Amino acid sequence: MTEPLHVVVTGASSGIGAATVRALTTEGVRVTATARRAERLKALSDETGCATVVADITSDKDVAALVKAVTKAGPVHALVNCAGGALGLDPVADSPLSEWSSQYELNVVGTVRVTQALLPALKESGRGDVVLITSTAAHEPYEGGAGYVAAKSAEAALARTLRLELTGSGVRVIEIAPGMVHTEEFSVNRFRGDKGRADEVYKGIDPLSAEDVADAIAWAIHRPHHVNVDLLVLRPREQAGPTKTVRYMTGGD
Ligand code: 8X3
């Protein structure tokens, strides 16, 4: 019998990360879930049986401890980089520089940090995957989104560069770029806790769910390993682009 896959999922305490842990564990995949919030990871572990490591991907020390813990538990076949997020929706002229830095630090440097650290183990597994959850924002700008668009564009550039560099190593690089996904925290974090403003984002449309994206991640990982899903763009049917969304104000959510 072939050994079960072992997948590390970052940003696993909520949203797409947590949904990915649920989707993969349901299929019998061995998952190590990592995030900063211990109590959320504990609840996810109780629910799904996943292993957990509390870590902040912006910390060298935490990521070193994460790698130590996951490699001790045997081969690592895939890293799913879900940790990330947006801050603010201000025009370039007014957007705080601190938000640009924080978004770059988390979405880009954090992803590079974990990816670099786990690459030796992924190569050694003989069938490694690096999955990056970017965004449609990585491919199309929108007003007010520049800091996030820039960070996600850089993350997409990371995926394309890494794929070139890893060709022949047995490691696939998969980018999944979702459009509007209604998760518990994405827009609430973007608007710094303003739940009313966050809810407006999804008003009148049927957005993607975290489960929709997790399903795509699991699908991409489960392709035969000679098949590399380079880029998969997912959007709600009513969102043709970041600035083209049809809202049904009487019948929608
Ligand atoms: C989330 C999609 O449109 O808010 O990554 O940038 S969007």
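Each other residue within a Cβ distance under 13 Å of Val70 adds +1 if Lys or Arg and -1 if Asp or Glu, for a net charge of +1. Across the alpha-carbon set of the range 175-253, the Rg to Rh ratio works out to 1.05, Rh being the Kirkwood radius. Principal axis extents of the C-alpha atoms in the range 1-119 (largest first, rounded to whole Å): 58, 26, 24. Peptide packing for 235-241, 203-209, 7-13 was compared via the average number of neighbouring C-beta atoms within 10 Å per residue; ordered from the highest value, the list is 7-13, 203-209, 235-241.
Tell me whether the range 57-147 comes out rounded, prolate or oblate; compute the Cα gyration tensor, take square roots of the eigenvalues as a ≥ b ≥ c, and use a/c under 1.5 as the rounded threshold.
prolate
Summary of the geometry: the range 77-118 and the range 226-244, compared by the centres of their Cα atoms, lie 20 Å apart.
Between the Cα long axis of helix 146-166 and the first principal axis of the chain there is an angle of about 30°, rounded to the nearest 10. Dividing the summed -39500 (n - 2.57) terms of all DSSP H runs of n ≥ 4 by the residue count of the chain sets its mean residue ellipticity at 222 nm at -12500 deg cm²/dmol.
Here the Karplus curve 6.51 cos²θ - 1.76 cosθ + 1.60, taken at θ = phi - 60°, turns the phi angles of the range 41-57 into couplings of 5, 4, 5, 5, 5, 4, 6, 10, x, 5, 7, 9, 9, 6, 7, 9, 6 Hz, with x standing for Gly and Pro.
Near Ala156, once Lys and Arg are set to +1 and Asp and Glu to -1 for all other residues with Cβ below 13 Å from its Cβ, the sum equals -1.
Under a 5 Å amide H cut-off, with hydrogens placed 1.01 Å from N, Ile174 pairs with Val130, Val131, Leu132 among residues at least 5 apart or on other chains.
Out of every Cα-Cα pair in the range 6-245, what percent are more than 26 Å apart? So the pairs more than 26 Å apart make up 33 percent of the total in the range 6-245. Treating each Cα of the range 184-223 as an identical point scatterer and summing with the Debye formula, the log10 of I(q)/I(0) at q = 0.23, 0.30 Å⁻¹ comes to -0.76, -0.95.
Taken along the Cα-to-beta-carbon direction at a fixed 7 Å, the label points for Glu165 and His225 span 2.2 nm.
Excluding same-chain neighbours fewer than eight residues apart, the lysines reachable from Lys152 by a Cα-Cα span under 21 Å are Lys244. Ranked by the mean number of other Cβ atoms within 10 Å per residue, highest first, peptides 186-198, 73-85 order as 73-85, 186-198. Across the chain, Cα pairs under 8 Å and at least six residues apart give a relative contact order of 19 percent. Principal semi-axes of the equivalent ellipsoid, √(5λ) from the alpha carbon gyration tensor of the range 125-227, are 30, 17, 10 Å from largest down. A cut-off under 12 angstrom between Cβ atoms defines the neighbours of Ile16, and their net charge, with Lys, Arg +1 and Asp, Glu -1, is -4.
Each value in this text was obtained by applying a stated rule to the coordinates, not by laboratory testing. In this text the structure is predicted, and so the values were computed from the model without any measurement. So basically every Cβ, Gly included, is an ideal-geometry build from the backbone, and we count neighbours across all protein chains shown.
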